[in-house]
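Every number in this text was worked out from the coordinates using simple rules, so none of it is lab data. Bear in mind that the values here come from a model prediction, so they are computed numbers and not experimental data. With ideal geometry, Cβ positions are generated from the backbone for all residues, glycine too; neighbour counts draw on all protein chains shown.
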Amino acid sequence: MIYKSKGREITSITENFTVVDLETTGFNPLKNKIIEIAAIRIRNREIDDIFHSYINPQIQISPIITNITGIDNNLVEAEPTIDDVICDFLDFVDEDIILGHNVTFDISFLFNAAWEFAGVEFNNDYIDTLTWSRKMLPNLYNHRLSTIANYLGIKGRQDHSALSDCKTTMQVYSFMAKKIVERNKR
């Protein structure tokens, strides 16, 4: 697949965006599949709407992935396939800026699904909290979402659950955006 455009990374603060997270059967967007997709639309720093779906990948989910995500073959057996979900997801996201943690991973899977099943490029601009974390929290031993969440004291989350990770990413972004605003006031 030739990628024309996957959007550009935004480094400014915005109050309107859509937080996106996926769970997948592996790390390669050309051979692995989406098994959960979640998005939270934010307007003026408030939740406007939520999109969530488990996805039947039409392949076996490995025990390793089930151990990480809690998603097994029985859970997704009766769920829709990505070709049934991708157009609704694209309509939900529309042209919003995408917010995510290590979001280029998610964008690669979404780009492939949008191209294959809807015939469109997924090229929304994006904000990556991983990039922001590396700049703003350089002393952390790693910049996984769970590490940042623990550092910030974010409670009530379930790691590697797409919807929970969206909520955590939103909290991480809010913390970092607040710090940027405070620095700019000095």
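Quick rundown of the values:
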{"quantity": "Packing-based order for 28-39, 74-85, using average beta carbon neighbours within 10 Å, highest first", "calculated": "28-39, 74-85"}
{"quantity": "When each of K31/K155; K33/K155; K155/K185; K33/K179; K31/K135; K155/K178 is checked by Cα-Cα distance, pairs over 27 Å", "calculated": "K31/K155; K33/K155; K155/K185; K33/K179; K31/K135"}
{"quantity": "Relative packing of peptides 10-19, 158-167 - highest average C-beta neighbours within 10 Å first", "calculated": "158-167, 10-19"}
{"quantity": "Cut-off under 5 Å, modelled amide H: who pairs with N102 long-range", "calculated": "T129, L130, T131"}
{"quantity": "The range 81-186 - percent relative contact order, Cα under 8 Å, separation 6 or more", "calculated": "24"}
{"quantity": "Among 102-108, 131-137, the order from most to least packed when residues are scored by Cβ within 10 Å on average", "calculated": "102-108, 131-137"}
{"quantity": "Rounded tilt (10° steps) of 162-185 against the dominant C-alpha axis of the chain", "calculated": "20"}
{"quantity": "In degrees, nearest ten, helix 82-93 long axis to first principal axis of the chain (Cα)", "calculated": "30"}
{"quantity": "At R0 = 45 Å, FRET efficiency that the Cβ-Cβ distance of A78 and N184 yields, to 0.05", "calculated": "0.35"}
{"quantity": "Rule-of-thumb Rg ratio for the chain [Cα; 2.2 N^0.38 Å; N residues]", "calculated": "1.02"}
{"quantity": "Theoretical FRET efficiency, 1/(1+(r/R0)^6), r = Cβ-Cβ of D94 and I13, R0 30 Å, to 0.05", "calculated": "0.90"}
{"quantity": "Length-normalised contact order for the chain - Cα pairs under 8 Å, 6+ apart - percent", "calculated": "26"}
{"quantity": "Residues whose placed amide H lies under 5 Å from that of I35, excluding near-sequence neighbours", "calculated": "E23, T24, T25"}
{"quantity": "Helical mean residue ellipticity (222 nm; -39500 (n - 2.57) per DSSP H run of 4+; nearest 500) of the chain", "calculated": "-13000 deg cm²/dmol"}
{"quantity": "Sparse-neighbour loop sites [GluC sites (Glu not before Pro); the range 100-186; at most 16 other C-beta within 10 Å; DSSP]", "calculated": "E121"}
